[in-house]
Amino acid sequence: MTRRQELLQQARTQPEVLVEHCLHLERQVAELKDRLAQTSRNSHQPPAADGLAKPPPRSLRTPSGRKPGGQPGHPGSTLQPVPKPDQVHLHRLDRCPCGQCGGVSLRGQPVLDHERRQVFDLPPLQLEVTEHQAEIKQCPVSGRRVRASFPPGVEAPVQYGPHFRGLTLYLFNQQLLPFDRLRQTCLDLFGQPLSLGTLTQTNLRAYEALDSVQGAIQRGLTQAPVVHVDESGLRVAGRLHWLHVACTAELTFYGVHDRRGVEAMDALGVLPHCRHWLVHDAWRPYFKYEALHALCNQHLLRELKFLAEEHHQRWAADLSRFLCDWKDDPRTAQGLDEAQFKQTHARYRRLLRQGRLHHPRRASGRTAQSKAANLLDRLEDYDLHVLAFLVDPAVPFTNNQGEQDVRMIKVKQKISGCFRTLAGAQAFARVRSYLSTCRKQGRNLWDACHRLVIGQPFMPQAPAAGS
């Protein structure tokens, strides 16, 4: 019996089965349509999954009325002349170019002034080879041959110096060049191929030299009033691992673990000691830590945007405007008093009740809920975490800091593919933690890499109180 005949037989004998089957098909079609309508602007889908057919931009922000580009008062970055140039080329004026005197000689005329123009350029790129010669002599007493000591860091008959190794650290860990391209770059610029062993050894030594720096970053994060946290998948040695980030505007910590949840976060040693605000995307394991929790409202706005645009849910559009209006309200920067917060919280709950008219909370059982009902569950159960930015002015509206710090590690993976070993992934994560922290604290990364190679890395400054 064919499937069509089977359905016709059921329709004659059990019409309720056919009705249930049709409803099931309708739900499947609706789910597929929703999936096709999802983009990075209205869901948690990453931008890379949008494909080549990018949707037209429809920002959640309202127009500011300002012209694009730099605004009045914005500091420029124009090249400025230096008072003491490295070289000066004097161009003499021997004959007059005015065109009226026939080019009379000016050699005997005094110089009235100079017009100056400076050219900023690179010197020829080449490696400078320094040979160290240690004297060998014979002891007049013992008769033994003895040798002078070489300077610290001069350990092999032939080796790369700290500036060159610092450059490889910078290009590999900050500019994210994969090994083959880094090797080709060194060959093109300096005429020297770089071996994989040299790069691996440099990174592992940097990993060991940063042990105390990582401890300082972890301690600083546990003392910070607000910490952003996030996690993302990472391919290591052919298996799925997880990159965890905890960060502030001054500090960044990256950790790699083969687990995603509490076991990994406990092992990495930051979140178990945080007692202040944690900003995240409402992933359930974060709530296991005894901290104050604030949710990323940007995630919520994307989901509300999808419901408003694809399902024409009025309550979703109203709640989105409610959150955006309070984000831009001057009172938010000061923090609401108790009466203001109660009034705002009541308005928030009224908007959720409007949504519940169409999407009631699921009763006990195994019936699947709609995405709108699931979102409403989250908005109701974690209402104070959603509105945390109104309670404490130090709490940001979004988790953009955490997402931005994760993003470049994902770029590294897209450029180079997976990490071949867990040790390599952990070394990259620790060096990148150091470089990201140096960048946030205004350090020059070229200098930071050189100091790391010679074993004198910058120690991060503790976060300022109330920052």
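The values are calculated or read from the model by the stated rules, or taken from the named source; none is laboratory data. Predicted model, so just to flag it, every value in this text is computed and none were measured. Heads up, the Cβs are rebuilt from the backbone with ideal geometry, glycines too, and the neighbour counts pull from every protein chain shown.
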Out of L271, L234, L295, sole residue that is at pLDDT 95 or above, touching a strand residue (DSSP E or B) at 6+ places or on another chain (Cβ under 9 Å) and closer than 30 Å to G442 by Cβ:
L271
Going by what's in this entry, would V146 be described as surrounded by 10 or more Cβ atoms within 10 Å (Cβ to Cβ), more than 21 Å from C186 (Cβ to Cβ) and out of contact with any Ser or Thr (no Cβ under 7 Å at 6 or more places or on another chain)?
yes
If we only count helices (runs of 4 or more DSSP H) wholly inside region 340-433, which ones have 1 or more residues that are more than 30 Å from Y254 (Cβ to Cβ)?
371-381, 383-386, 388-391
Picking from A429, A363, A394, A462, which residue would you name as being out of contact with any Gly (no Cβ under 8 Å at 6 or more places or on another chain) and either surrounded by 14 or more Cβ atoms within 10 Å (Cβ to Cβ) or farther than 21 Å from L169 by Cβ (or both)?
A363
Looking at region 441-457, is at least one residue closer than 20 Å to Y254 by Cα, in contact (Cβ under 8 Å) with a residue 40 or more places away in the chain, in contact with an Asp or Glu (Cβ under 8 Å, 6 or more places away or on another chain) and in a helix (DSSP H, G or I)?
no
Inside region 292-327, can you point out the residues that are free of Cβ contacts under 8 Å to residues at least 40 places away in the same chain and not in a helix (DSSP H, G or I)?
H312
How many of the residues in region 165-219 are of a type in the set (A, V, I, L, M), touching a Phe, Trp or Tyr at 6+ places or on another chain (Cβ under 8 Å) and closer than 30 Å to H276 by Cβ?
3
Output the residues belonging to region 180-197 that are over 28 Å from the mean Cα position of the chain (by Cα) and part of a helix (DSSP H, G or I).
L187, D188, L189, F190, G197
Can you find a residue that is out of contact with any His (no Cβ under 7 Å at 6 or more places or on another chain), under 14 Å from Q404 (Cα atoms) and of a type in the set (V, I, T) anywhere in region 235-245?
yes
